[in-house]
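What follows is a short report on a single structure.
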Amino acid sequence: MADTNNKVTLPVFITGGCGMVGTHLVDHYHAKGETVLATYYTHPTTRLEESIHKAHYVPCDVRDKATVDKLIDEYRPEIIFHLAAQSYPTVSWEKPVETFDINVNGTIHVMEAIKRIRKTTPSYDPIVLIACSSAEYGSSLLVPENLPANEDVPLLPLHPYGVSKVAQDLLGYQYFMNDGIRSIRVRIFNTTGPRKTNDVVSDFTKRTVLWEKQQIDKITVGNLHTKRAITDVRDLISALLLLSEKGVAGDVYNVCGSSIYEIQDIVKIIEQVIGKTLATETDPQLLRPTDEPIIWGDASKLIAATGWQQTYALETTIKDMIDYWRTIL
């Protein structure tokens, strides 16, 4: 399509299009026969070759204001899924400045690009969904009375990543209040699925396949007694799409699964999927000094607004992840 300035437009723009969530969002639109604009960074967390043909992919570091400006101005997307982030808490301790630069300044660049376009095209009015995080709640999740955590629970993050996500979250709010940019903040709880790396389910399923292939002789584990509500990435995609249609601009929504699993339950499900008993060993280096006993959010606001429902059981998620690792390892 084209706008009144004769610009070629793509209606959907996905920053961080080669992150785990971004690739599944691209999958959704590709399956519908729709082309979207998606960005990737130099070292994506997924395999670029799996997705590059499914969208109009362009390289972009969201810290590069000029490139962000150019892309939004050139394509004038109607929906922006702002997913690009440094998303690992452990990395944020090692690289706090980089974490803030990507997560905070990257968000500012997206919002400022919209403001600049409006100076000449006041009618430009995209919806911007900002991928925020349950890490914003931090120590509030240590208080049993706060669980499951709703959107009004205090934001008390425990690491630089969580702080950066609070800043990103509140930036979305202030750009809505002051500039009328239709931002929707999405606080995402533990989410996993095929292409995920560096979470407990992806680590366990990957090590299981390496163990099957006799490349390792045991599965190293950390604390098996913490509890997590876990959502399949494809259910998260459903929530994001519903919010892009039915979410209230300026508001915030939790996305969280309703079932809570003790981490040792994941091991048992993997054993059921592969039909074998795993050889496990606790690795002290995998034990975290501040590991929340339970992470569980209240998604009732999302459900009331959109009718969102989970459709993927954890058993299905784990089977699909094992199948994925088997194809690439």
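Select, from Val221, Val153, Val166, the only residue that is in contact with a helix residue (DSSP H, G or I) (Cβ under 7 Å, 6 or more places away or on another chain) and not assigned by TED's automatic domain parsing to the domain that holds Glu136.
On the way: Val153 fails: not assigned by TED's automatic domain parsing to the domain that holds Glu136; Val166 fails: not assigned by TED's automatic domain parsing to the domain that holds Glu136.
Just one listed residue meets the conditions, Val221.
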Review point. Can you tell me which of Val91, Val128 is under 18 Å from the mean Cα position of the chain (by Cα) and at pLDDT below 95?
Key: Val91
**Study point:** Enumeration of residues in region 15-46 that are in a loop (DSSP other than H, G, I, E, B), closer than 13 Å to Cys60 by Cβ and touching a helix residue (DSSP H, G or I) at 6+ places or on another chain (Cβ under 7 Å)
**Key:** Gly16, Gly17, Cys18
Exercise for review: Please indicate, with yes or no, whether at least one residue in region 164-182 is under 20 Å from Glu245 (Cα atoms), among the basic types (Lys, Arg), modelled with pLDDT of 95 or more and touching a Gly at 6+ places or on another chain (Cβ under 7 Å).
Suggested key: no
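This table checks each residue for (1) under 17 Å from the mean Cα position of the chain (by Cα); (2) buried (at least 19 other Cβ atoms within 10 Å of the Cβ); (3) farther than 19 Å from Val186 by Cα.
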| residue | (1), (2), (3) |
| --- | --- |
| Asn103 | yes, yes, no |
| Ile114 | no, yes, yes |
| Leu141 | no, yes, no |
| Pro148 | no, yes, no |
| Gly162 | yes, yes, no |
Practice item. Tally the residues that are buried (at least 17 other Cβ atoms within 10 Å of the Cβ), not β-branched (Val, Ile, Thr) and not in a helix (DSSP H, G or I), restricting the search to region 64-99. Key: 10
Check your understanding: Pick from Leu314, Leu278, Leu302, Leu242: which is out of contact with any strand residue (DSSP E or B) (no Cβ under 9 Å at 6 or more places or on another chain) and touching a residue at least 60 places away in the same chain (Cβ under 8 Å)?
Key -> Leu242
Review point. Condition test on Lys196, is it more than 21 Å from Lys165 (Cα to Cα) and in contact with a helix residue (DSSP H, G or I) (Cβ under 8 Å, 6 or more places away or on another chain)?
Key: no
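What strands (runs of 3 or more DSSP E) completely inside region 220-315 contain at least 1 residues that are within 26 Å of His24 (Cα to Cα) and either modelled with pLDDT of 95 or more or basic (Lys, Arg) (or both)?
Details: elements: 227-229, 252-255, 260-262, 280-282.
Ranges flagged: 227-229, 252-255, 260-262.
Can you name the residue in region 171-224 that is of a type in the set (Val, Ile, Thr) and touching a Ser or Thr at 6+ places or on another chain (Cβ under 7 Å) and, of all such residues, is farthest from Ile328 (Cα to Cα)? So that I can check it myself, show each step before the final result.
The first filter runs over region 171-224 and keeps only residues of a type in the set (Val, Ile, Thr), leaving 181, 184, 186, 188, 191-192, 197, 200-201, 205, 208-209, 216, 219-221.
Pick out the ones that are also touching a Ser or Thr at 6+ places or on another chain (Cβ under 7 Å) and you get 188, 191-192, 197, 201, 219, 221.
Values: Ile188: 27, Thr191: 21, Thr192: 17, Thr197: 13, Val201: 17, Ile219: 19, Val221: 22 Å.
Here the answer is Ile188.
If you check Val201, Val267, which single one turns out to be aliphatic (A, V, I, L, M) and surrounded by 21 or more Cβ atoms within 10 Å (Cβ to Cβ)? Give the derivation first.
Working: Val267 fails: surrounded by 21 or more Cβ atoms within 10 Å (Cβ to Cβ).
Exactly one residue qualifies, and that residue is Val201.
If you check Tyr161 against the conditions, is it in the same structural domain as Lys246 (by TED's automatic domain parsing) and assigned to a helix (DSSP H, G or I)? Spell out how you get there, then give the answer.
Working: in the same structural domain as Lys246 (by TED's automatic domain parsing): yes; assigned to a helix (DSSP H, G or I): yes.
Judged against the criteria, Tyr161 is a match.
So, in region 202-234, how many residues would count as being closer than 30 Å to Asp298 by Cβ and not aromatic (Phe, Trp, Tyr)? Full working, then the answer.
Within region 202-234, the subset closer than 30 Å to Asp298 by Cβ is 202-205, 221-234.
If we keep only those that are not aromatic (Phe, Trp, Tyr) as well, we get 202-203, 205, 221-234.
Count: 17.
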Revision key, fill the gap. Restricting region 287-312 to residues that are surrounded by fewer than 13 Cβ atoms within 10 Å (Cβ to Cβ) and hydrophobic (A, V, I, L, M, F, W, C), the one nearest to the chain's Cα centre (by Cα) turns out to be Ala304
Study note, to complete from the structure: Screening Ile102, Ile108, Ile114 for residues that are over 26 Å from His28 (Cβ atoms) and either among the polar types (S, T, N, Q) or assigned to a helix (DSSP H, G or I) (or both) leaves only Ile108
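The values are calculated or read from the model by the stated rules, or taken from the named source; none is laboratory data. Model, not experiment: these values are computed from the prediction. Cβ sites come from the backbone with ideal geometry, for glycine too, and all protein chains shown count toward neighbours.
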